[in-house]
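Student: Here it is, the structure, as structure tokens.
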Amino acid sequence: MSIASRKEDHIRHALAQEEQVTSLQSDVTFVHHSFPGVAVKDVDLSVNLFDHHFPLPFYINGMTGGSDQSFVVNDRLSQVAAKTGLAMASGSMSAALKSAEHRDSYEIIRKNHPNGFLMANLGPNYTVSEAKMAIELINANALQIHVNATQELVMPEGDRDFTHWLSDISQLVDGLDVPIIVKEVGFGMSRETIHQLYQIGVQYVDVSGQGGTNFARIENLRRKHLFSTDWERWGISTPLSLLEAASLTKKPTILASGGISTPFDVVKSLALGAKAVGVSGHWLKSVMTTDVAETIAEVKSWEAELKEAFALLGAKSVKDLTFTDIIFSPEIINWAKQRQLPYQNFNQRRQTKEKFEWL
């Protein structure tokens, strides 16, 4: 099967997946305080990353490229990004390195978003020279390296040897002069993984937890004989991945994605320690089931809702969200206890900041 056919399969199955109630939504709850003390008009949603200033704390994460349908997706998404000022990542650019046939499905992103912050995207097993080609193709400001061992194992034509992935990433870190973000593809990250990446000099990590587009399910549907092993349940959720990261004193800058389908998912991820949040499947469905104009309107609606949520939580900035009080479900606490993660540090953070003295 050609790469283009595989990319078309990915889009078709991703669009068919229904959004589920995620761990972010069911297992993470803010403590309500009746006097938040913040006006909506005073909320600043901006973040500073990669030596750039971004007006919003979320971005369009990597999805696709390398086929006719991919061109349509990236054309529409990049129009949304250009109109709203969102940063945007391309999908895996392996197809562009292997053939010139569908390079326009990537190039359209920079054409539509000439002044935007763009991220190229490759797997870990590419050389520095190949990575430079991918970066140059869209004049990217940064490179995402996706790690997807689970997806590869379920994919009929996927990789089966992960021996050199970490050393390959290390060579890319040493050989490139743009920021590098290492991201999972919806299976989450442990603190051990994050520590390994920190040790080789990776400065940005997207934990990309379980709960969004399920690539194990997508690849299983592409198989002639379905796996008996339930790889669709494999992985670590986004909040658990962020708790894993929170247990480390030295770590890369943490980004989050995986199951982000509402503004409040963004807020919870930021409150759990992410510096910015990637959204993919939700925007894919929006631009392909409605249109560019309606998706732009939804982005603006997200911006308004984020400001309202920040104000209700007493936060004027993203940093202020890290002083909000969070209660976790028994499922989260059970994992955290067994992994010795600092879940207790989240439930009285406002008290610590404002130095309440109880009678």
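Student: Per residue of region 132-141, in order, report the coupling 6.51 cos²θ - 1.76 cosθ + 1.60 (Karplus, θ = phi - 60°) as ³J(HN,Hα) in whole Hz, putting x for Gly and Pro.
Tutor: Here the 3J(HN,Hα) series is 5, 4, 5, 4, 5, 4, 10, 6, 6, 8 Hz.
Student: In the chain, what % of DSSP beta bridges are antiparallel (nearest 5)?
Tutor: 20 percent
Student: At 7 Å along Cα-to-Cβ for each site, give me the label-to-label distance between ALA293 and HIS164 in nm.
Tutor: 5.2 nm
Student: Among 161-174, 34-47, what's the highest-first ranking by average C-beta atoms within 10 angstrom per residue?
Tutor: My ranking of the peptides, most packed first, is 161-174, 34-47.
Student: May I ask for the net charge around VAL38, where only other residues with Cβ less than 9 Å from the Cβ of VAL38 are counted and Lys, Arg are +1 while Asp, Glu are -1?
Tutor: That sum, taken over residues with Cβ under 9 Å, equals -1.
Student: For all pairs of alpha-carbon atoms in region 97-194, what percent lies in each bin of width 5 Å, listed from the first bin to the last filled one?
Tutor: Pair shares across the bins are 2, 12, 21, 22, 20, 15, 6, 2.
Student: Considering all alpha-carbon pairs of the chain, what whole percent are spaced by more than 37 angstrom?
Tutor: It works out to 15 percent of all Cα pairs.
Student: For VAL147, enumerate residues with amide H under 5 Å from its amide H, sequence gap 5+ or separate chain, H modeled in the peptide plane.
Tutor: LYS183, GLU184, VAL185
Student: Quick check: residue separation of SER329 and GLU305 times 0.36 nm, minus the Cα distance between them. What number comes out in nm?
Tutor: That pair, SER329 and GLU305, stretches by 6.2 nm at full extension.
Student: Right, here's the next one. Excluding PRO179 itself, what net charge comes from residues whose Cβ is under 15 Å from its Cβ, given Lys and Arg +1 and Asp and Glu -1?
Tutor: My count for the surroundings of PRO179 gives -1.
Student: Pairing the Cα long axis of helix 292-312 with the longest principal axis of the chain, what angle in degrees results, from 0 to 90 and rounded to the nearest 10?
Tutor: Relative to the chain, helix 292-312 is tipped by roughly 20 degrees.
No value in this document is a laboratory result; all are computed from the given coordinates. Owing to the predicted nature of the structure, the values given are computational and were not obtained by experimental measurement. Here the Cβ is made from the backbone with ideal geometry for all residues, glycine too, and neighbour counts use every protein chain on show.
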